[in-house]
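Working notes, beginning with the structure itself.
Nothing in this text is a laboratory measurement; each read-out follows from the coordinates by a stated rule. Quick caveat: nothing in here was measured; it's all calculated off a predicted structure. Here the Cβ positions follow ideal geometry from the backbone for every residue, glycine too, while neighbour counts run over all protein chains shown.
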Amino acid sequence: MATDISTATPIQTFRKMRIDWLLLLAIVPLVLAGLVTINSFTGESDLFTRQLIWIAISLVTFFVCAVIDFRFLRRTSVIVTLFVGACVLLLALFAFGSVSGGAQSWFRFGSVSFEPVDPIKLVLIMVLAKYFSKRHIEIANIRHIVVSGVYALIIFALVFFHPDFGSALIIFLIWFGMVLVSGISKRHIALVFCIAALVFAGLWTGVFKEYQKQRIVNFIHPLADIRGSGYNAYQSTISVGSGEMLGKGMGYGTQSRLKFLPEYQTDFVFAAFAEEWGFVGVLMVFFLFTVVIWRILVNAFYGATNFEILYGLGLAILFISHFVINVGMNIGLLPVTGITIPFLSYGGTHLLTEFAGLGVLMGMRRYARGAHKETMSNEFVGF
């Protein structure tokens, strides 16, 4: 008989965990790389201490989630509650949110800030995992792609009009990626691309503000206005290139120390790291992140049901989207969107979300074996 977590001893609870230690082993150096980079340039600031506290809180959250039985997430009532709660939080930002970086996307409680869109990304993954897991047999029906798109569109619109273009882009990529892995036909993939192109054209002509258009223009020609809208991307590429093969050494990144590189602790921490550690350090980051994604996918494919599998795939899509966009904008290949890089960037909300998302995956890992014998009709109730 399984031990009840509420009455189990600490040793029993620890044994009950099924932690992927290789995954955790790959994450720790990434977190340390971010800490070292932040500490190099903060001087008298308390950013390093605050980040250390958030890392500790995030790790505790990871291990707590790892001992929870998350099969309750398969229930429609739970998913609907999470979705409605996410929408209410995003709506509340319009009335009570604080503005930072031009976006009204933060709740502030004294010295502590909370950005709800980060955990809401996990909620969207769960919503889509629930929807597609129930309808995977009839996924060829275009109606299910449209309906899933409506769920994503509601969150996308609420985030976009804050305005938070970067997070809205991640919301779109989560939906688009999960549509692709859900088994959609090639014909429907082409249709989704056409719809996306039409939506983008509509946003360009009637929604995007001038500064947002300028960021996209900089994507095509980033050096067109290096003293204005292209300044951040230009300084970031200089930082990355100046690191050369072995870097300038810890604490000797001149672009960051002389304040030429903006937001070096958040959006451009990758450029700051590359300047100090060079190409070799960048390769290390890429290798460790590849291990993280590999382990997420391995755990996903051992999921008990399609819901757990799709959740893991969605989590991988979330991490890949953040990583690719952040690195892309740091090396001048993608427009600057304010997207953080997983585990390296300063900030509590995104760290907590990342570790919580992985903790949920570990919790699902606990009941993965043998659960494939359960039928889908018994696992899911209509969405």
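Observations, loosely collected:
- Placing pseudo-labels 7 Å out from each Cα toward the beta carbon at residue 284 and residue 99 gives an inter-label distance of 4.1 nm.
- For 36, 282, 117, 360, the sequence from fewest to most other C-beta atoms within 10 Å is 36, 282, 360, 117.
- Gain in span if fully extended, residue 28 to residue 75, counting 0.36 nm per residue against the direct Cα distance: 13.6 nm
- In this rough spin-label picture, where each label sits 7 Å from Cα along the Cβ direction, the residue 36-residue 185 distance is 5.3 nm.
- Shown for segment 19-367: lysine pairs separated by 8 or more places, or found on different chains, whose C-alpha atoms are under 25 Å apart, numbering 7.
- Here 126, 245 are placed in order of increasing Cβ neighbour count within 10 Å, fewest first, which gives 245, 126.
- Site pair residue 210 and residue 87 shows an inter-label distance of 3.6 nm when each label is modelled 7 Å from Cα along Cα→Cβ.
- Diffusion coefficient (Stokes-Einstein, Kirkwood radius over C-alpha pairs, 25 °C, 0.890 mPa s) for segment 18-173: 135 µm²/s, rounded to a whole number.
- Applying D = kT/(6 pi eta Rh) to segment 267-360, where Rh is the Kirkwood radius over alpha-carbon pairs, T corresponds to 37 °C and eta to 0.692 mPa s, the Stokes-Einstein value obtained is 233 µm²/s.
- For segment 19-367, alpha-carbon Rg over 2.2 N^0.38 Å: 0.98
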